1. Starting from 0.36 nm per residue, how many nanometres of slack lie between L7 and S341 once their C-alpha separation is accounted for?
2. Between the alpha-carbon centers of the stretch 435-490 and the stretch 304-323, tell me the distance in whole angstrom.
3. Where does the stretch 225-362 land on the Kirkwood hydrodynamic radius, alpha-carbon pairs, in angstrom?
4. To the nearest 20 Debye, how big is the dipole of the chain about its Cα centre, given +1 on the beta carbon of each Lys and Arg and -1 on that of each Asp and Glu?
5. Around T176, under 15 Å between beta carbons, what's the net of Lys plus Arg minus Asp minus Glu among the other residues?
6. Just how far, in whole angstrom, is the stretch 376-432 from the stretch 133-185 if you go by their alpha carbon centroids?
7. Rg and Dmax of the stretch 201-293, Cα atoms, in Å?
8. Only helical DSSP H runs with n ≥ 4 go in: add -39500 (n - 2.57) per run for the chain, normalise by residue count and round the 222 nm mean residue ellipticity to 500 deg cm²/dmol.
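Every number here is computed from the coordinates shown, using simple stated rules; none is lab data. These numbers were taken from a predicted model, which means no experiment stands behind them. Every residue, glycine as well, gets a Cβ built from its backbone with ideal geometry; the counts of neighbours run over all protein chains shown.
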Amino acid sequence: MSAEQALWRDTERCYRAVASRDARFDGQFITAVKTTGIYCRPSCPAVTPKAGNVRFYPTSAAAQAAGFRACRRCLPDAVPGSPEWNLRADLAARAMRLISDGVVEREGVPGLARRLGYSERQLGRVLGAELGAGPLALARAHRAHSARLLIELSDLPLTDVAFAAGFSSVRQFNETIREVFARTPSQMRAAANGRRDPAAKTDKSTGTSLSLRLPFRPPLDASGIIGFLAARAVPGVEAAEDGSYGRTLRLSHGPATIWLTPQDGHVRCELRLADVRDLSSAVTRARRLLDLDADPEAMARVLGADPLLVPAVAAAPGIRVPGAVDGAELLLRAMLGQQVSVAAARTAAARLTEALGEPLEFTKSGSAFQYLFPTMEAVAERGHEVLRGPRRRIEAIRAAAEAVASNAVEVHVGRDHQELRTELLSLRGVGPWTADYVLMRMLGAPDVLLTDDLVVQKGAAALGIPDLPERAQSWRPWRSYAAMYLWRCA
């Protein structure tokens, strides 16, 4: 999607969405009102401003850079993210995915530019033109959102909140919160005290526990995506019960666990963090895992136009493409799953985890969460002691782990689709199916169809779809979602 095609530039369409308070557009653009100096989500319940008083921006950061502050009534930062960042594979989209994952807080703008393969100057110029704000402003808006969550949902001292959210000083924290929310951190906490979840607590021995609501654009095929993850859950790392799913996370500052329960209009996310600096990264990965930033109505319009897909689309409205929380883990698990059943792949991953995974220190005895998935260094060094099967397959898995551990191949959300695919195909034992599967789940690529997948082929046959590759051309740019429907039908 080019800048000329971006939704926020279509002022007439945006204003119609604002006038009708259409929640489907929340997160896809920001509405700023010149007379009040406030920016809102499109569905804000306030009186609709006159068209001449409204400006539209692609991100909260752009609105903040233009001097607007966040609406207290609609909380425009608490919306699903834009589906553009998955639909687009350009530099701006890849940068947004990395910024959401907290790369600027951890590595600075130089680290962000290095991961993207651009100079800092080029990166700033592109983001300014495409998103209305540079990487520092985008990261600042992201920090403000993280800080609001910690202020309102945790009992951390405000000084600790400042550094946990990624601010370099308490002064910078106070100034940003006042500019963005028009209140001081103390005022925000006082207002939140009466409605804070009593389960939220901080304990050095067990980490920080938080309960969050993750919004999404309805409908959501919750049973479908939870069922997909549950069928592949590795004991000790993942668990699923009663329509909920949880797992352990390896984050930059320590381990964490998430427990996700889809509910009416949102997903309840129970988080336990060893270090609260990882909050934004954990939330971003949880959203990516359940594909919560997807636009199901846009996908259904395209796929539902094919009469042979109509029954499948109608049977599972709001289908999602399961994401991944760690690219290296996904690659190894995809290789373990080559030419074997789902159950056999899960057994192999469980054996690897039990032998080489790191025990989770803050878990309680009897908890479903006992391990972090093994590091690539551990698999490269000792994988041959645990893995079973043909020697060539074992060595291919070890070689892939070594390539990732040495950064010869980097599997993260900021990668260019085609460049990453080429690198993956250069690895011994990685074919087109494995490479495309990683792109579909790790990068959230919406237009990948695994035409060589036997289950996809069975699903196509069940629906009476002839010549799948040719028929699928009309499903662009949503072929990954079509693959989920075909898997379901098989």
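1. 116.0 nm
2. The stretch 435-490 and the stretch 304-323 have Cα centres separated by 11 Å.
3. The Cα-based Kirkwood calculation yields 16.6 Å.
4. Computed charge dipole of the chain: roughly 980 debye.
5. Working: positive: R69, R140, R143, R148, R171, R178, R183; negative: D77, E105, E175, E179.
Net charge in that neighbourhood comes out at +3.
6. First find each Cα centre; the distance between them is then 38 Å.
7. For the stretch 201-293, the Cα-based Rg and Dmax read 12.9, 39 Å.
8. Using -39500 (n - 2.57) per qualifying helix, the result is -14000 deg cm²/dmol.
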